1. Rank 357, 30 by accessible area, highest first, at a 1.4 Å probe radius?
2. Working from Cα positions, state the angle (0 to 90°, nearest 10) between the long axis of helix 365-406 and the longest principal axis of the chain.
3. What do you get for GluC sites (Glu not before Pro) in segment 227-283 restricted to DSSP loop and a cutoff of at most 14 other Cβ within 10 Å of the site's Cβ?
4. Quantify, in whole percent, the carbon and sulfur part of the accessible surface of segment 50-208 (1.4 Å probe; protein heavy atoms only).
5. Report the charge-dipole magnitude of the chain in Debye, nearest 20, computed about the Cα centre from +1 at each Lys and Arg Cβ and -1 at each Asp and Glu Cβ.
6. Using only Cα positions of the chain, each an equal point scatterer, no hydration layer, compute I(q)/I(0) via Debye at q = 0.08 Å⁻¹ and quote the log10 values to two decimals.
7. Using DSSP to call loops (not H, G, I, E or B), can you name the trypsin sites (Lys or Arg not before Pro) in segment 36-87 whose Cβ has at most 11 other Cβ atoms within 10 angstrom?
8. Output the 0 to 90 degree angle, nearest 10, between the alpha-carbon long axis of helix 331-341 and the longest principal axis computed from the alpha carbons of the chain.
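The values are calculated or read from the model by the stated rules, or taken from the named source; none is laboratory data. On a predicted model such as this, the values are computed, not experimentally measured, just so you know. In this analysis, Cβ positions are derived from the backbone assuming ideal geometry, glycine residues included, and neighbour counts consider all displayed protein chains. The protein model used for the area step is the full one, side chains on, heavy atoms only, and it has no ligands, DNA or RNA in it. Shrake-Rupley method; radii C 1.70, N 1.55, O 1.52, S 1.80 Å.
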Amino acid sequence: MTDDTPPQKPEDGDGDPMAADEAASLGAIDSIEIQHEMEQSFLDYAMSVIVSRALPDVRDGLKPVHRRILWAMHDAGLRPDRNHKKSATVVGDVIGKYHPHGDQAVYDALVRMGQGFSLRHPLVDPHGNFGSPSDPPAAYRYTECRLSPIAMKMLADIEEDTVDFVGTFDGSGEEPEVLPARFPNLLVNGSQGIAVGMATNIPTHNLGEVIDASIHLLANPDATSDDLMEFVKGPDFPTGGMIMGRAGLVSAFRTGRGSVKLRARAEIEEGPNNERIVVTEIPYQTSVEGISEKIAELAIAGVLEGIREIRDERARGETRLVIELKRDAPGNVVLNNLYKHTPLQTSFAVNMVALVDGVPRTLTLRDALGHYVAHQIDVVTRRSEFRLDKARRRAHIVEGFLRALDLIDEIIAAIRASEDRAAAITSLQADDFGFSEIQATEIVDMRLSTLTRLGRERLEEEMEELRATIAELEAILSDDQKLRSTIAEELGEIREEFADPRRSSLEHDDGDLDVEDLIDDEE
């Protein structure tokens, strides 16, 4: 039988309490205009991408993912004097502790820092196939890595309270907010990124030139971008090539935006029956394979004439692309057509955007180096304060040791008369001795070898060194010029160790190729 009794409407206070809670919560819903919500949510997302992913910090030139990779490798002890370690281990550490994003994105960032054709001074020392301009790297289970020697300069003195640390995404640890960056990495290695509504495209520069400009700015804080251009001649790309003209460079350095024309380095060689074009350097972010395919495609289509054969003769990391010409084909005309129609000539659109105090800014050359110098002043000031405090604390202990040697018999008697270690420390703090708690603790724990005459001599030598160190650090902290000269001296040491000659030459540009450059002279 079925119950045909109609359901009764519950009285007030009866029924499901969950339903009552839902009804009460419905009354608490706030009405928000969808336009306002969309605008606010989009802005929040955009700022998250800009600050946390796509743009580098002006101080160390790193995006968060690159900074976290270097810190994870440093934390794991992957220094240049140790063995390489599987890239998979580094990627796992980064995404597990610091950067909760996809493993492939982290590995791509790691690989780029180890590619000599992407960075002017790679920060990762690669082992295995890290790819080429046209081929992807091997999977991270096959490759290995460790920090490069110059990467240690990015992390130098980080244990000496030189930068602030912040909590990781899960609050289980800490990571540096920025690296000490003892050389101007933003300009030296450049940066590229696409954020929401903005992008950055900073070319690489010569380490020696950028350091020279930084040293000049330290000594002359009022220097302009034009003054600094006396040192930084222009970008210096890892793949070499020729930079045509200065108009784009001057615009980029003065305003933060400009276009730089890049051209491959090619020579026309005379053969027994015909000429050939030999390319030994290619524009930044192009590949020999891509250039070869484009030339072959245009030759088949009839756009390029006079080309008989294309050979890729690369070996041992040296670029060599040989373009054999047909008999009587004019080499100069063919080369000019190659520049016009193929990636043998490209343009690099400079857009120097970086985060300044967490806000994206378009930077001139003066701005970029000025913020870097300010960061170094902060780093060296904090390092000096840390070292001064450490030296003073050690001097206080050594002073206690030296006094203890003069009262050794009385101290031994007091310690023997004490019931335990705590009582011995308390007795040494009494008026009869007058040691501080720190000194008393160190004296009680003092090794017997320190009681010898040799021990006294060693302590006196250490005390003299500590006094000299304290005086030097106090002078640095009290004199701005001495602080700046210290930074300049340390930059000079990095220049001496890592700087190398310019790879991209600066050439005069006669302007765009006109029709007369693209056809052969005929009667």
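1. Result of the area sort, largest leading: 357, 30.
2. Result, in degrees: 30.
3. Filter output for segment 227-283: 230.
4. Summing carbon and sulfur atoms, their accessible area is 48 percent of the total for segment 50-208.
5. Its charge dipole is roughly 1660 debye.
6. The computed values of log10 I(q)/I(0) come out as -0.71.
7. Sparse-neighbourhood loop trypsin sites (Lys or Arg not before Pro): 82.
8. For 331-341 against the chain, the angle is about 60 degrees.
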